[in-house]
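**Q** The structure that follows is given in the form of structure tokens.
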Amino acid sequence: MAQKQHKLLLRFDRTLSNSLIKQIAILCGILLVTFLLSFLFLNLSGSDWRNFCHEHKLSTWLLPLYLLIDANAFNRLYMDSDVNGWMVFACGITYLIGFLVFNGMLVGVITNAIGNRVNNYHNGLNHYLKSGHFVIMGYDEMVPSIIEDIFSKDKDAYILLLSAYDAIKINEKLKKSVAKKQLDQIIVNYGQRTAMDYYDDIHLENAQEIYVVGNRMRPDHDATNVECVDSICNYLKTHPSSPRPARITCVFEDIDTYASFKTSEIFGEVRELGIEFFPYNFYTGWAQQVFLTRSYKEKGNPTVEIPYPSVYGDGIGPDDPKFVHLVFVGTTNLAVSFAMEAAHMLHFPNFDESTKRPKTLITFIDINADKEKALFKTRNRHLFELLDQKDNILDIEFEFINGDIFSDKVQDQVKAWANDKDSQYLSIFLSMADQRNNFIMAMNMPDEVYDNAIPVFIRQDKADNFVTNLRKADDKENTYSQVRDGHLESQKRKGRYANLYPFGMDDMAYCSDDTSYQRAKLINYLYQTADYNNSRFQDFTALSSTSADIIWADADKYWQSLSVASKWSNLYCAYNIPSKLASLRAMRGLKPDDFSHDQQPLSEEEISTIAPVEHNRWNVEKLLMGYRKAKAEEDKYLHPEFANELKKNKSFFIHHDIRPYDELPESAKQLDIEIVRFIPWMLKMTEKQKT
């Protein structure tokens, strides 16, 4: 019996604390009971109270109610000389009940309701947004950069952040990183991102976009995010008539998990729902900021963009004798991801297929370099199958150096690279796990690194301010002089730390590149509408006579039906366009920041120079995505009589066109030529899209 009583009390307390409607219902129930008691007391008083009501033109049902809820009703009745003592007594009891219950309880209910409303707001239990909002599921240090990215595209956007983390603490964190005027457009709601019970409250089906973030510090992060995407799909299936979010962006922490989602159709259900699925990785996102967009926004001052230097100088033309050399100190996930993205993006027209030089060189320095090399080769076995050949066909190289960056041996090697300005474009990335070591090394590089203005990128977890302020203080030219053979030589130099750049900060972790994304759609559109009998894209006349709106609509349609691997292939092709443009400017004798001729048609000589670059890039892309070169017994070009059967091996990630450009059939060469020829058209189309 006692247990039942406790359960009853628990249910009563929950009712009082959780629901205003139930609180009012309880109040109405008490009112009904007390009304009946009031009616009963008046009947038991022995007075003819009904005559009293009739004389004063009161309803017999209203007098008991007036005595309960109207404080003045008893006073008026008490002053009436026609009322006998028992009736006054009965009415007094009724009045006292009403005074204690309603004057106290009604105020308490209202106060409690307001208090609950405020508490629910602070704890993320109130729900406001019903459609057109952006949903971020989970919270970690990446979230402020996602919010900033959303507001950069739509300043009037409303963002709903769903997290099981303390809503009050999340709001406090957001106050430090989000502009005050935008905080009113961010709603933090409590909820588990994998539990569909919370999805109705946030109207997930009516969201514009969904970002599945989670907490990257948790070991089960990636698995939980996969579960979350599955839950979203299952939920949306139960709302077939509702609008759909345009895109689900899912964050993956592990670089191997992330890589697998570039080629697999594990989230085919998302595409079947008409939603685009986009995997995102913190490390590769940062690599694109450094190599592609080449800028970042200062913490606390997002309106100021600080440019990163180009790792390929002012652009590499076909006669440039120098190669790009990236040195990564440490083989952390960040360093490995940067190296992979560099291998995708950094391809140049000075690579000579006959001499196999110069090549982009990616160097890792680590005390466990041998072990890290074995892991790296295992991850990219088909790439290294070609790299390990004596006469490999690729225009990139990897090397692993065993050693401590603080040792004399490694320091001497860094000095030699820094002094070798005539043969390489050197950049150094300090990406060790110990952030303090990164900083110590950056402050104490060999003098040759500072004297030769070698860019040094310093991994910092949190703030960039100290490194940024150091660079700003030294980013001014002074005259440096020395005497050679009795002659004074002078030159302008910047300060010691003028070429130090922080990168990898958590609060600037998300960077969307819509321009490359749009170009990737256009690349796919050109392939989808190509004349494959002649290996030609649509001619410019046909394209210019077609409305841009129609082209973009078709591009979106073709993109939605594309496989994940094909989407990434088009994206990596788009990511390489900036370095191709830099090479074209160098070939045209233009300054690296002179964009005035980018949209002019390419000459046949320029096309023939850049087309092999596109194929060299494509070779590496396919190998990094898991494809391998066809063996002699699988090669459709060596066995043309079985070409139709052998080309089907592509479904097993065997590609026949992984070979030197000169060994391609003319039809395959022509498609590389077409991609290069249409670069100006893609630039024009994406520029129009921005406006």
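**Q** Run down the lysines and flag those whose C-alpha is under 20 Å from the C-alpha of LYS176, throwing out any fewer than 8 positions away in its chain.
**A** Answer for LYS176, where 20 Å is the Cα cut-off: LYS155, LYS297, LYS299, LYS462, listed by chain and number.
**Q** While we're on this one: Classify the stretch 309-508 as rounded, prolate or oblate, taking a ≥ b ≥ c as the square roots of the eigenvalues of its Cα gyration tensor: rounded when a/c is under 1.5, otherwise prolate if a/b is larger than b/c and oblate if not.
**A** oblate
**Q** Going down the table (LYS130/LYS181; LYS262/LYS688; LYS153/LYS688), which pairs top 23 Å between alpha carbons?
**A** Too far apart for the 23 Å limit: LYS262/LYS688.
**Q** Rounded, prolate or oblate: which fits the stretch 514-690 when a ≥ b ≥ c are the square roots of the eigenvalues of the alpha-carbon gyration tensor, with rounded for a/c under 1.5 and prolate only if a/b beats b/c?
**A** Prolate, since a/c reaches 1.5 and a/b exceeds b/c.
**Q** Also, I was wondering about something else. Taking 0.36 nm per residue of separation and subtracting the Cα-Cα distance, what length does fully extending ASN234 through SER544 add?
**A** Full extension from ASN234 to SER544 adds 107.3 nm.
**Q** Once you put a point 7 Å from the Cα of ARG294 and another 7 Å from the Cα of LYS492, both along the Cβ direction, what distance in nm separates them?
**A** Rounded to a tenth, the inter-label distance reads 2.0 nm.
**Q** Treating cross-link reach as a plain straight distance, find the aspartates and glutamates whose alpha-carbon is under 20 Å from the alpha-carbon of LYS173, omitting any fewer than eight places away in the same chain.
**A** Cα-Cα hits under 20 Å: ASP140, GLU141, GLU148, ASP149, ASP184, GLU298, ASP461, ASP464, ASP506, ASP507.
**Q** Another question, then. What whole number of Å gives the distance from the Cα centroid of the stretch 522-554 to the Cα centroid of the stretch 225-281?
**A** Their Cα centres are 29 Å away from one another.
**Q** Another one. Please give the net charge around THR238, taking every other residue with its beta carbon less than 14 angstrom from that of THR238, where Lys and Arg add +1 and Asp and Glu add -1.
**A** Local charge sum for THR238: -3.
**Q** Can you list the aspartates and glutamates whose alpha carbon sits under 18 Å from that of LYS415, skipping same-chain ones fewer than 8 residues off?
**A** The qualifying aspartates and glutamates are ASP366, GLU399, ASP404, ASP447, GLU448, ASP451.
**Q** A further question follows. When only C-alpha pairs under 8 Å and at least 6 residues apart count, what is the relative contact order of the stretch 134-289, in percent?
**A** 22
**Q** Using the basic label-point model (7 angstrom from Cα toward the beta carbon), what is the ASP514 to ASP422 distance in nanometres?
**A** Placing both labels 7 Å along Cα→Cβ, they lie 4.8 nm apart.
**Q** Calculated FRET efficiency, ALA223 and GLU645, Cβ-Cβ r, R0 45 Å, to nearest 0.05?
**A** The formula returns an efficiency of 0.70 here.
**Q** Once phi is turned into θ = phi - 60°, what whole-Hz ³J(HN,Hα) does the Karplus curve with 6.51, -1.76 and 1.60 give for every residue of the stretch 596-613, x standing for Gly and Pro?
**A** 5, 10, 4, 8, 7, x, 7, 6, 4, 5, 5, 5, 5, 7, 8, 4, x, 4
**Q** Around SER603, with a cut-off of 15 angstrom between Cβ atoms, what is the net charge of the other residues, counting Lys and Arg +1 and Asp and Glu -1?
**A** Around SER603, the surrounding residues sum to 0.
**Q** Quick check: Cα centre of the stretch 564-620 to Cα centre of the stretch 638-691, how many Å?
**A** Centre-to-centre (Cα) distance: 15 Å.
**Q** Summing Lys, Arg as +1 and Asp, Glu as -1, what charge do residues with Cβ under 10 Å from the Cβ of GLU141 carry, GLU141 excluded?
**A** Result for the neighbourhood of GLU141: -1.
Each reported figure results from applying straightforward, stated rules to the coordinates on display, with no laboratory input. Quantities reported herein were computed from a predicted structural model and do not represent experimental measurements. All Cβ positions, glycine included, derive from the backbone under ideal geometry; neighbour counts span all protein chains shown.
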